[in-house]
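Heads up, the thing below is written out as structure tokens.
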Amino acid sequence: MKILRFVTLCAAVSLLTLTAGFAQHVQTDFDHQANFAQYKTYSWKAIKPDASLWDSRIKDAVNAQLAAKGLAQVADGGEIAIVAIKTSQTQRTLQTFYDGFGGGWRWRGFGGSGESTTTEQDYQEGTLVIDLYDGKTKQLIWRGSTESVLSDKADKNEKNLDKGVAKMFKDFPPGSGKR
């Protein structure tokens with residue numbers, strides 16, 4: 001019975017660790033000299049690489065956040081120019097489970113003959129970087145990025161995109177709390 005509890009505990013801890021590893025990571029940074037109160041309009045410059053099904057989804061997610069902050073989209077020549085960069089890459093994780101029968105270091109040397117099983121899992125991780133540039137000076141004024149594990153279900157990925165972009169723009173514009 002102790003062995004079953006130990007194996008269950010190990011599996012639960014591993015699952016919790018694996019889930020935490022797949023959490024969405026969001027980071028932002030900005031030019032501390034920029035006066036964000038002066039910006040009222042924005043326009044899109046590029047999404048790189050372009051020509052994917054995700055271009056309109058990315059624009060919709062960012063547009064919704066900026067509209068909620070009081071910024072208006074214009075076709076061209078906005079006070080803020082937006083560039084989005086999206087990538088995906090394959091990551092690998094290793095999970096090792098021990099059977100609990102010996103193995104490892106003990107008080108008086110190396111333990112008995114326990115067994116362990118290591119499995120390898122590949123997964124896709126996507127990254128989205130949103131850069132905001134001053135439309136006149138072309139200087140970078142704000143950058144946000146989000147990383148998360150990609151699902152094989154498009155609707156789940158779209159929800160993760162919306163959630164990541166919302167987290168990204170949560171404290172935008174910087175330093176003012178709310179616009």
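The values are calculated or read from the model by the stated rules, or taken from the named source; none is laboratory data. The structure presented is a predicted model; accordingly, all values stated were derived computationally and were not measured. Reconstructed Cβ throughout: ideal geometry from the backbone, glycine too, with neighbour counts over all protein chains shown. The area values use the complete protein model at the heavy-atom level, side chains included, leaving out ligands, DNA and RNA. Shrake-Rupley method; radii C 1.70, N 1.55, O 1.52, S 1.80 Å.
Before moving on, here are some points about what is shown:
- Area of Arg92 that stays accessible when all protein chains are in place (1.4 Å probe, Å², to 10): 140 Å²
- Calculated FRET efficiency for the pair Lys153/Glu120, C-beta based, R₀ 30 Å, to 0.05: 0.85
- Label point at Gln139 placed 7 Å out along Cα→Cβ; residues across the stretch 26-60 whose backbone nitrogen lies under 16 Å: 30-39
- Amide H partners (placed H, <5 Å) of Trp142, local residues excluded: Asp31, Leu132
- Accessible area per residue in Å² at 1.4 Å probe, computed on the stretch 129-172: 56 Å²
- A straight Cα-to-Cα reach below 16 Å connects Lys69 with the aspartates and glutamates Asp60, Glu79, Asp162, Asp171, residues fewer than 8 places away in its own chain not being considered.
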